[in-house]
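Before any comments, here is the structure.
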Amino acid sequence: MALTAAVLLATSLGLAACSSEDSADASIVTTNSGEPQNPLVPTNTNEFWGGRVVDRLFAGLKYYDANGKAHDEVAESIETTDRKNYRITIKPDWKFSDGTPVTAKSFVDAWNYGALGTNAQLQSYVFTEIVGFKDVSEAPPKAQTMSGLKVVDDRTFTVELVQPSIDFETALGYAPFYPLPEAAFKDIKAFGENPIGNGPYKFASNGAWQHNTQIDLVPNPEYKGGRPAKNKGLRFVMYQSFDTAYADLQAGNLDALDTIPDSALSSYKQDLGDRAITKPTAQNQKFGIQANVPHFAGEEGALRRKAISMAINREQICQNIFHGTRNPARDFTASTLPGFNGNLPGSEFLNHNPAEAKKLWAQADAISPWSGRFEIAYNSDGGHQAWIEAAANSIKNTLGIEAIATPYPTFKNIRDLVNAKTIGKAFRYGWQGDYPTMLQFLTSNYYSHSETNNVDWNNPEFDRLLNAALAAPTLEESHKLVGQAQSLMLQSMADIPVFDYVAAAGRSDKVKKAELAWNGLFDFENIEK
Amino acid sequence: MAWYVVRRLLQMIPVFLGATLLIYALVFLIPGDPIQALAGDKPMTPAVEAQLRARYHLDQPFIMQYLLYLKGIVTFDFGTAFSGRPVRDELARAFPITIKLAAMAVCIEAVFGVIFGLVAGLRKGKLFDSTMLVVSLIVIAVPIFVVGFLAQFLLGVKWGIAPVTVTGKASYTELLVPAFVLGSLSFAYVLRLTRNSVAENMSADFVRTATAKGLSRPRVVTVHILRNSMIPVITFLGAELGSLMGGAIVTEGIFNIPGVGGTLFQAITRGEPPTVVSFVTVLIIIFLVSNLVVDLLYAALDPRIRYA
């Protein structure tokens with residue numbers, strides 16, 4: 001009893017001592033986040049919790065505005081005549097927040113650091129296009145720096161690519177291409193804990209990253225680019241679930257929440273009124289079927305994939321299951337990307353058309369009669385059950401075959417089997433754009449030699465069109481060629497696109513303006529309180 | 001007595017080894033490759049993959065990984081999380097918060113459970129007693145996440161009189177509502193245990209003797225009835241502290257408390273053996289120690305109990 005009394009006393013004393021709350025943070029915009037998986041080094045940050053912070057701390061050669069349009073940021077000019085050799089000049093007088101200047105070397109050193117195999121940077125693959133990447137990425141590396149990168153003077157450097165790429169220029173706004181200050185290379189571990197950047201924000205103080213709790217950023221007075229902060233600072237609050245974050249948003253403790261939890265999707269528009277925000281985003285969801293699945297090779301496979309695609313009622317799935325937070329897919333990329341065209345020849349195969357689906361399925365049966373059952377694998381840790389089951393149902397009812405949704409416990413389960421090409425059934429997967437170009441979706445997923453070509457799509461004509469699009473002198477011509485390449489894919493239904501994401505977000509009434517950007521994240525710099 | 005404590009502490013060594021080996025094996029058996037999971041949908045160059053595999057000893061067979069982990073433990077190196085941070089730092093960050101929460105919950109349930117239980121026991125069969133029986137039945141029947149969400153929604157979102165979530169400071173004020181939620185279930189058990197024990201002791205000979213001696217009512221109640229009724233309650237509370245640490249996972253999730261629960265959950269989904277094993281091992285040790293303390297408290301409460 002004495003013990004209990006003592007503890008009770010201690011507790012009540014503590015209560016008295018800790019009841020004063022600080023209110024100095026009122027002008028800071030609080031927004032939802034989670035604990036970044038890795039230290040905040042741009043070349044090692046490949047997930048969204050870390051990504052949203054890194055993008056605030058650093059400024060690259062380019063930046064993307066809310067609509068996904070790329071603008072020069074640190075770059076003064078990016079010159080090329082052949083889309084293969086680039087000469088990049090940076091603006092004068094840029095400084096990192098520790099006062100050291102941003103030079104051509106800041107970029108070249110950072111990229112070489114990111115590419116070197118022994119540094120084990122998760123984003124190292126983005127440098128694949130640069131000449132000499134092969135040598136630095138081998139184990140053990142044959143060279144320490146990429147031969148395709150050359151510093152000309154303090155403000156100029158040149159880049160040589162393995163093959164022409166119009167995408168490279170747009171990609172320069174993507175995190176792994178950010179510059180790093182000298183201090184980073186002295187102790188990268190310490191740097192990742194307290195990064196020094198040249199972006200619109202900087203760490204509020206050393207140790208502003210309170211692990212599993214929050215990260216505080218304040219505007220960086222040294223920043224000279226086109227997206228200066230319109231607020232007095234950002235606080236990324238780490239939540240264990242979106243449900244909890246939503247409760248905080250409703251109570252007015254959280255200013256901006258970028259994902260409405262599934263449990264509130266049917267009610268958030270009433271709950272939030274004009275504070276509810278939606279915007280289509282560059283992320284898609286599809287079924288892949290590898291060619292080694294029985295009945296899905298060659299001409300027969302193409303017919304069956306088209307039939308399955310037309311058997312799925314995308315509109316119904318988007319409305320009934322997702323309450324309009326998904327849009328039916330119109331191609332293999334996403335509708336928010338520059339150059340998107342929703343009416344490509346062949347996109348009629350993405351319409352719900354049971355009669356046509358049956359006809360195509362019968363044609364395939366004429367080649368080789370259907371046997372077995374159609375399974376779609378999904379990971380049960382990601383909230384995919386409802387729509388996968390709806391799609392399987394739609395296929396079953398339309399084609400009269402046994403179609404079922406097969407759960408796997410975790411996402412990595414499926415990834416292992418897909419990478420090893422042993423999954424033996426259809427599987428759901430998606431792609432989220434790293435930077436706003438259609439070409440990134442296509443080169444990553446469908447280039448015949450891409451490591452992330454999950455569906456073994458291999459078509460020389462497609463590769464040729466993609467190469468031509470990459471080498472195109474202007475974006476308009478490139479987009480035209482991308483359209484032709486996608487038409488080709490639609491004709492054989494390389495993959496079965498199902499829907500694009502529509503971000504559903506919300507803001508508190510303390511925030512005057514908060515908009516979403518092309519990637520479904522907030523346009524953080526422009527949130528006004 | 002001292003020998004008893006030493007013997008109990010020595011017994012923890014085989015428990016520690018057995019438990020860590022078991023957990024290590026279980027984490028190892030989780031299907032899927034954690035390094036691939038780090039890459040997500042995106043590609044990873046073979047050199048980077050090999051480098052990461054070697055860094056976390058994932059290129060070694062299971063038993064080697066385990067032995068390397070044990071080797072580290074001797075020097076208080078609990079390994080490295082995939083974030084590159086030492087697991088030791090994670091332990092030092094998460095455990096104090098969860099221990100604080102669990103201790104508050106134990107205090108709340110002990111104080112309220114014992115007081116209400118004592119009053120109910122003294123007034124056995126009266127209105128207060130019956131009301132408490134019904135209340136405790138309801139509390140036992142309702143799952144903790146329902147209590148948690150309700151408390152959060154009503155107190156935090158709707159009426160705004162309590163914080164909705166807990167910040168990194170995890171101050172006592174912020175933890176009050178979560179601690180009440182966490183302690184609610186055991187509160188009902190403590191109440192019932194105390195009530196029955198008190199009701200039983202009311203008619204015991206020593207109570208009648210004490211009253212006959214002319215001792216004041218408060219003295220009879222506190223020194224004679226309550227002290228003797230505390231043995232089953234202390235046993236329960238001791239075992240409870242350990243399970244509360246584990247049970248805090250649900251409460252921590254609802255109120256976003258940056259403690260053991262969330263960290264452990266993330267580590268399990270990422271398949272990080274060092275983090276998972278270290279966290280669970282510390283939980284086991286806390287459980288063992290709190291049981292030891294309970295055993296020692298018996299002697300204090302009942303001088304007839306002595307340890308050889």
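The values are calculated or read from the model by the stated rules, or taken from the named source; none is laboratory data. All of these numbers come straight from a predicted model, not from anything done at the bench. We place every Cβ from the backbone using ideal geometry, glycine too, and count neighbours over all the protein chains shown. Accessible surface is based on the protein model in full, side chains and every heavy atom, while ligands, DNA and RNA are left aside. Shrake-Rupley method; radii C 1.70, N 1.55, O 1.52, S 1.80 Å.
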Item to complete: Percent of Cα-Cα pairs per 10 Å bin, from 0 to the last occupied bin, for region B:248-308, please list those.
Response: 20, 32, 23, 17, 8, 0
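Once the convex hull of the C-alpha atoms of chain A is built, how many Å³ does it hold per residue, rounded to a whole number? Walk me through the intermediate numbers first.
Working: hull volume 97.0 nm³, N = 529.
It comes to 183 Å³ per residue, whole-number rounded.
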Item to complete: Summarise the partner chain shielding of A:117-129 as one whole number: the mean count of Cβ atoms from other chains within 10 Å of each residue's Cβ.
Response: 5
Practice prompt. For an R0 of 60 angstrom, estimate the FRET efficiency from the Cβ-Cβ distance between A:Glu47 and B:Phe206 and round to the nearest 0.05.
Written response: 0.35
Item to complete: Could you tell me the accessible area of B:Lys213 in Å² (1.4 Å probe, neighbours in place), rounded to the nearest ten?
Response: 150
Worksheet item: Within the set A:Lys62/A:Lys286; A:Lys358/A:Lys425; A:Lys84/A:Lys105; A:Lys396/A:Lys480; A:Lys91/A:Lys202, which residue pairs have Cα atoms separated by over 32 Å?
Response: A:Lys396/A:Lys480
Item to complete: Mind pulling the angle between the C-alpha long axis of helix B:46-55 and the longest principal axis of chain B? Nearest 10 degrees, somewhere in 0 to 90.
Response: 40
Response to the item:
Measure of exposure for B:Tyr172: accessible area at 1.4 Å probe, Å² rounded to 10, is 60
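Between A:Asn458 and A:Asp274, what is the FRET efficiency for a Förster distance of 45 Å, r being their Cβ-Cβ separation, to the nearest 0.05?
0.35
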Worksheet entry | Residue-by-residue Karplus 3J(HN,Hα) for region A:471-488, coefficients 6.51, -1.76, 1.60, Hz, glycine and proline x | 8, 4, x, 10, 4, 4, 5, 4, 4, 4, 5, 4, x, 4, 5, 5, 4, 4
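Mind checking the dipole of the protein assembly as shown: about its Cα centre, +1 per Lys or Arg Cβ, -1 per Asp or Glu Cβ, Debye to the nearest 20? Mind showing how you got there, number by number?
Numbers: 73 positive and 78 negative charges, 593 e Å.
Using Cβ point charges on Lys, Arg, Asp and Glu, the protein assembly as shown gives about 2840 debye.
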Worksheet item: Label-point separation (nm) for A:Asp262 and B:Val293, each offset 7 Å from Cα along Cα-to-Cβ?
Response: 4.0
Discussion item. Please compute the length gained on full extension between A:Lys186 and A:Val151, using 0.36 nm multiplied by the number of residues separating them and subtracting their Cα-Cα distance.
Written reply: 10.5 nm
Worksheet item: With labels modelled as points extended 7 Å from the Cα through the Cβ direction, what inter-label distance (nm, one decimal) is found for A:Ile367 paired with B:Met12?
Response: 6.7
Item to complete: Place a label point 7 angstrom from the Cα of A:Ala139 along the Cα-to-Cβ direction, then list the residues of region B:28-50 whose backbone nitrogen is under 17 Å away.
Response: B:33-40, B:43-50
Worksheet item: Relative to the first principal axis of the alpha-carbon coordinates of chain B, what is the inclination of helix B:62-74, with its axis defined by its Cα atoms, in degrees from 0 to 90 and to the nearest 10?
Response: 60
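State the antiparallel share, in %, of DSSP beta bridges confined to region A:282-503, rounding to the nearest 5. Present the calculation step by step, with values, prior to reporting the outcome.
Details: 13 of 21 bridges.
Restricted to region A:282-503, the bridges split so that about 60 percent are antiparallel.
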Practice prompt. Enumerate the residues in region A:103-133 having an amide nitrogen under 14 Å from the point lying 7 Å beyond the Cα of B:Ala50 toward its Cβ.
Written response: A:117-120
Response to the item:
Karplus ³J(HN,Hα) for region A:453-461 (6.51 cos²θ - 1.76 cosθ + 1.60, θ = phi - 60°; Hz, whole; x = Gly/Pro) runs 7, 6, 10, 6, 5, 9, 9, x, 5
Fill in: With DNA, RNA and ligands ignored, accessible area of B:Thr281 (1.4 Å probe; Å², nearest 10)
10
Item to complete: At a probe radius of 1.4 Å, figure out the B/A buried accessible area, summed over both chains, and give it in Å² to the nearest 100.
Response: 4600
Discussion item. Which one, A:Phe157, A:Ala334, A:Ala256, is farthest towards the positive end of the dipole of the protein assembly as shown when Lys and Arg carry +1 and Asp and Glu -1 on their Cβ?
Written reply: A:Ala256
Worksheet item: How big is chain B on each of its three principal axes, counting only the C-alpha atoms and giving the largest first in Å?
Response: 85, 56, 30
Worksheet item: Between B:Gln60 and A:Gln484, what is the label-to-label distance in nm when each label sits 7 Å out along the Cα-to-Cβ direction?
Response: 5.6
Discussion item. How large is the translational diffusion coefficient of region A:282-503 in µm² per second when you combine the Kirkwood radius over alpha carbon pairs with Stokes-Einstein at 20 °C and 1.002 mPa s?
Written reply: 123
Worksheet item: Past the 24 Å Cα-Cα mark, which pairs from A:Lys95/A:Lys150; B:Lys42/B:Lys71; A:Lys142/B:Lys71?
Response: B:Lys42/B:Lys71; A:Lys142/B:Lys71
Worksheet entry | Cross-link partners of B:Lys158 among lysines (Cα-Cα below 28 Å; sequence separation of 8 or more within a chain) | A:Lys269, A:Lys510, A:Lys512, A:Lys513, A:Lys529, B:Lys100, B:Lys169
Item to complete: Report, to the nearest 10°, how far helix B:227-255 tilts away from the longest principal axis of the Cα atoms in chain B, using its own Cα long axis and a range of 0 to 90°.
Response: 40
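Using a 1.4 angstrom probe, figure out how much accessible area region A:134-238 has per residue, in square angstrom, rounded to the nearest whole. Mind showing how you got there, number by number?
Numbers: 4340 Å² over 105 residues.
Spelled out: the 1.4 Å probe surface of region A:134-238, per residue, equals 41 Å².
What accessible area per residue, rounded to a whole number of Å², is obtained for region B:151-308 using a probe radius of 1.4 Å? Mind showing how you got there, number by number?
On the way: 6640 Å² over 158 residues.
On a per-residue basis, region B:151-308 sits at 42 Å².
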